[in-house]
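Encoded as structure tokens, the structure appears first; notes follow it.
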Amino acid sequence: MKNNLIQISAWIAAHITLIVVLVTAVALFLPASFNWISTSAITPMLGVVMFGMGLTLRPSDFKPVLQHPKDILVGELAQFLIMPSLAWLLCRLLALPEELALGVVLVGCCPGG
């Protein structure tokens with residue numbers, strides 16, 4: 001049983017991109033087929049997808065992060081200063097309502113995954 005579970009999880013980890021693309025295509029073309037999923041299930045499902053992505057990481061994947069800390073700092077500054085600032089600027093230029101502008105700035109603060 002344990003060996004089968006390991007094989008299944010290895011297959012899912014190796015094909016997670018294909019699985020996500022296929023499910024997305026089905027949801028796009030047959031949205032009614034997902035009516036049984038409540039919106040409260042989105043967060044746990046997103047967690048499962050992110051966990052699956054995390055399973056593909058190896059310790060060697062973190063080596064470049066430690067070797068190039070300046071690049072990481074520039075990326076962090078871009079993500080948390082430049083992106084929200086540009087989102088705010090676009091909201092001001094387009095004169096968006098406050099509610100919509102808040103959403104745009106929040107999305108500007110979110111890492112791209």
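The values are calculated or read from the model by the stated rules, or taken from the named source; none is laboratory data. Quantities reported herein were computed from a predicted structural model and do not represent experimental measurements. Reconstructed Cβ throughout: ideal geometry from the backbone, glycine too, with neighbour counts over all protein chains shown.
Residues in the stretch 62-72: is at least one outside the structural domain of I6 (by TED's automatic domain parsing) and not in a helix (DSSP H, G or I)?
yes
On the basis of being in a helix (DSSP H, G or I), in the same structural domain as I6 (by TED's automatic domain parsing) and in contact (Cβ under 8 Å) with a residue 12 or more places away in the chain, does V48 make the cut?
no
Return the pair list, or none, for Cβ contacts closer than 8 Å from residues in the stretch 89-113 that are under 30 Å from T17 (Cα atoms) to residues that are aromatic (F, W, Y) and part of a helix (DSSP H, G or I), at least 6 apart or on different chains.
From the stretch 89-113, the pairs are V105/W88; G108/W88; C109/F80.
Does any residue of the stretch 74-91 turn out to be out of contact with any helix residue (DSSP H, G or I) (no Cβ under 7 Å at 6 or more places or on another chain), in a helix (DSSP H, G or I) and β-branched (V, I, T)?
Taking every residue of the stretch 74-91 in turn, at least one turns out to be out of contact with any helix residue (DSSP H, G or I) (no Cβ under 7 Å at 6 or more places or on another chain), in a helix (DSSP H, G or I) and β-branched (V, I, T).
What number goes with the only condition from (1) within 27 Å of A13 (Cβ to Cβ); (2) at pLDDT 90 or above; (3) surrounded by 12 or more Cβ atoms within 10 Å (Cβ to Cβ) that I72 does not pass?
(2)
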